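First up is the structure itself, then whatever we jot down about it.
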Ligand code: COA
C-alpha cells in the first residue's frame with residue numbers, strides 16, 4: 001500500500017520532458033512555433049514547402065544552388081515502382097486513404113532492404129525517397145478509388161503543383177497552390193506530438209526509417225491527432241448553416257462531445273499556426289466564391305470561445321481549406337502525412353544521433369501474485 005502511494009503516474013506523459021531536440025520549438029506563452037529557429041509565419045511568407053523540408057533535414061535554409069540540387073533529386077524520385085503501382089490496384093476499394101499511404105510507405109520499406117541496417121549515411125536518402133513518393137501514392141490511391149487511371153508525376157512541376165496535377169490532371173491557380181503549400185509548411189513539424197513521439201520510440205529500437213514513418217502514420221490517423229482535420233469538415237457539414245452553429249454547439253456540449261479542431265495539449269490560448277492558415281482560408285473562400293464554410297467556422301469558433309474558452313487548432317482552418325481545394329474529406333489526413341514525413345524523419349535522424357531505447361515504466365494495478373491451480377481444481 002505504502003509503495004503505491006509513492007507512485008506518480010503522468011497520464012498522457014503530460015508535462016514530462018523525455019528528451020531534447022533542435023528540430024522545432026513550440027512556445028505556447030507567445031503563441032509561436034519555430035523550425036530550426038525560424039518562425040513558421042516567416043517560413044510561410046518567404047519559402048516554398050521544399051525549402052522547409054530541406055531546412056528540417058539540413059538545419060539551414062538552402063541557397064539557390066542547394067535548392068536546385070535538392071529539387072532535382074526529389075523530382076527524380078517521384079515515380080513509384082510498377083510493383084507498388086500494381087499492388088495498389090489490389091487494395092480494397094473501401095480502405096481509408098490513411099491505410100493506403102501507411103501500407104504504401106511500408107511497401108517502400110520492403111523495396112529498400114538497404115535501409116534494414118539503419119546506416120546513418122543513408123538516412124537522408126530514405127527520407128527523400130518517402131517525401132518524393134508519398135504524393136504519388138496518395139494521388140494514385142485517390143484516382144484508383146474513383147476507377148480512374150493514376151497520372152504520372154511531372155518533373156517540371158513543384159511539389160504542390162505536381163500533387164494537384166497527379167490528382168486532378170491540372171494545376172490550379174497560384175492562390176490555391178500557395179494555400180496548399182502553406183498548409184504543408186504548417187503541418188511539417190510540431191515537437192513531441194503523438195505521431196512524432198511514436199516515430200521516435202520506434203527509432204529508438206534502431207529499426208529502419210520506413211518502419212518508424214509507418215508507425216507515425218498509424219498514430220496520425222486517430223481523430224484526437226491528425227484525423228481531426230477530417231472530423232472538422234464533417235462537423236461543418238453537419239451544422240450546414242452559419243445560423244445553426246450555436247445551437248449545434250450547445251447540443252454537442254450537452255452530449256459531452258469533443259469538438260474536433262479545438263483544444264491542444266500544449267497551446268492553451270491559441271495555436272500559433274491558426275492565424276496564417278485562416279488567412280489562406282479567407283483568400284480561398286473569396287477566390288472560390290464560397291463563403292459558407294468560413295462563416296460557419298467563424299460562428300463555431302466564437303461560440304466555443306464564449307462557452308468553453310477553448311481555441312481552435314490548425315486542423316480547424318485546414319479542414320475547410322482542403323474542402324475548397326476540391327479534396328474528398330478522407331484525403332485530408334494523408335495530405336498531413338505528405339507534410340509530416342519531413343518532421344518524423346528529422347526526428348528519426350536526431351534520435352539515432354543520440355539514442356537511448358525509450359522504455360518507460362508503468363504502475364501495475366492487476367492481481368497480486370497468486371498460485372496456478374491445476375485445471376481439475378479450478379472453479
Ligand atoms: N471539445 C470539448 N472539450 C474539450 C476539447 C474539445 N475539443 N478539448 C479539450 N476539452 C476539454 C476537456 O474535455 C477537458 O475538460 P474536463 O476538464 O472537464 O475533463 C478540458 O477541456 C481540458 O482538456 P485538456 O487537458 O486541455 O485536453 P488534452 O490535453 O487532454 O487533449 C486534445 C488535447 C487535442 C486531444 C483535445 O483538446 C481534443 O480532443 N481536441 C479535439 C481533437 C483535435 O482537434 N485534435 C487535434 C489536435 S492538433
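Scanning the range 244-259 for residues that are within 12 Å of the ligand (Cβ to nearest atom), touching a residue at least 24 places away in the same chain (Cβ under 8 Å) and part of a helix (DSSP H, G or I), which turns out surrounded by the fewest Cβ atoms within 10 Å (Cβ to Cβ)? Filtering first and then ranking leaves 253. In the set 213, 232, only one residue is outside any loop (DSSP other than H, G, I, E, B), within 9 Å of the ligand (Cβ to nearest atom) and modelled with pLDDT of 95 or more; that residue is 232. Flag: residue 336 matches the condition of being closer than 16 Å to residue 179 by Cα and either out of contact with any strand residue (DSSP E or B) (no Cβ under 6 Å at 6 or more places or on another chain) or not assigned by TED's automatic domain parsing to the domain that holds residue 259 (or both). Does the range 45-53 include one or more residues that are within 20 Å of the chain's Cα centre (by Cα), in contact (Cβ under 8 Å) with a residue 24 or more places away in the chain and part of a loop (DSSP other than H, G, I, E, B)? Within the range 45-53 (the criterion being within 20 Å of the chain's Cα centre (by Cα), in contact (Cβ under 8 Å) with a residue 24 or more places away in the chain and part of a loop (DSSP other than H, G, I, E, B)), the answer is yes, since at least one residue qualifies. Looking for whichever is modelled with pLDDT of 95 or more, over 27 Å from residue 359 (Cα atoms), in contact with a strand residue (DSSP E or B) (Cβ under 7 Å, 6 or more places away or on another chain) and within 16 Å of the ligand (Cβ to nearest atom) here; the options are 52, 40. Which one fits? The unique qualifying residue is 40. Just checking: which of the helices (runs of 4 or more DSSP H) contained wholly in the range 265-379 hold 2 or more residues that are out of contact with any helix residue (DSSP H, G or I) (no Cβ under 6 Å at 6 or more places or on another chain), away from the ligand (no atom under 16 Å from the Cβ) and free of Cβ contacts under 8 Å to residues at least 24 places away in the same chain? Passing ranges, in order: 274-288. A single member of 34, 21 is farther than 28 Å from residue 106 by Cα, at pLDDT 95 or above and away from the ligand (no atom under 16 Å from the Cβ), and it is 34.
The values are calculated or read from the model by the stated rules, or taken from the named source; none is laboratory data. Only a predicted model underlies this, so the values are computations on that prediction, with no experimental measurement involved. Every residue, glycine as well, gets a Cβ built from its backbone with ideal geometry; the counts of neighbours run over all protein chains shown.
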